[in-house]
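Chemist: One structure is given below, represented as structure tokens, and several questions about it will come after.
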Amino acid sequence: MAGSCAKILDLLRKGKTESTGIRGTITIQLYGKKDCHLCDVAKDVLYRVREEIPFDLQEIDIESREDLYGEFKEKIPVIFINGKQVFMYKINEKRLRRILGNASHGAQR
């Protein structure tokens with residue numbers, strides 16, 4: 001257990017393109033890069049909300065792939081929930097909670 005927690009924390013710190021391994025019915029992808037203040041703000045919001053509402057989080061470094069960099073360089077952070085883009089530039093925590101609440105209720109039916 002301690003090893004898996006350490007791995008998750010390591011992945012979160014490094015911002016790798018791998019899933020954190022936390023299981024949920026919702027998948028959020030955060031497209032960003034190092035040294036991006038708005039990306040750091042988005043991560044803080046996502047981590048805080050995930051403490052209450054479970055979801056898989058994938059942090060994708062746009063600098064790791066030329067195609068992603070070309071598509072997102074002027075837009076980050078970009079956040080997708082279950083494959084649908086919902087935020088660009090800034091994340092709204094209240095709206096995020098509402099979207100996740102609706103998504104999790106739909107998954108329970």
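Quick note: the coordinates plus some simple rules give every number you see, no bench work behind them. What you see is a predicted model; the values in this text were computed from it and never measured.
Chemist: What's the extension gain from Leu38 to Asp67 if we count 0.36 nm per residue and subtract their Cα-Cα distance?
Modeler: Working: separation 29, 0.36 × 29 = 10.44 nm, distance 2.10 nm.
Full-extension gain reported as 8.3 nm.
Chemist: Run down the aspartates and glutamates and flag those whose C-alpha is under 16 Å from the C-alpha of Lys90, throwing out any fewer than 8 positions away in its chain.
Modeler: Cross-link targets: Asp35, Asp40, Asp44, Glu59, Glu74.
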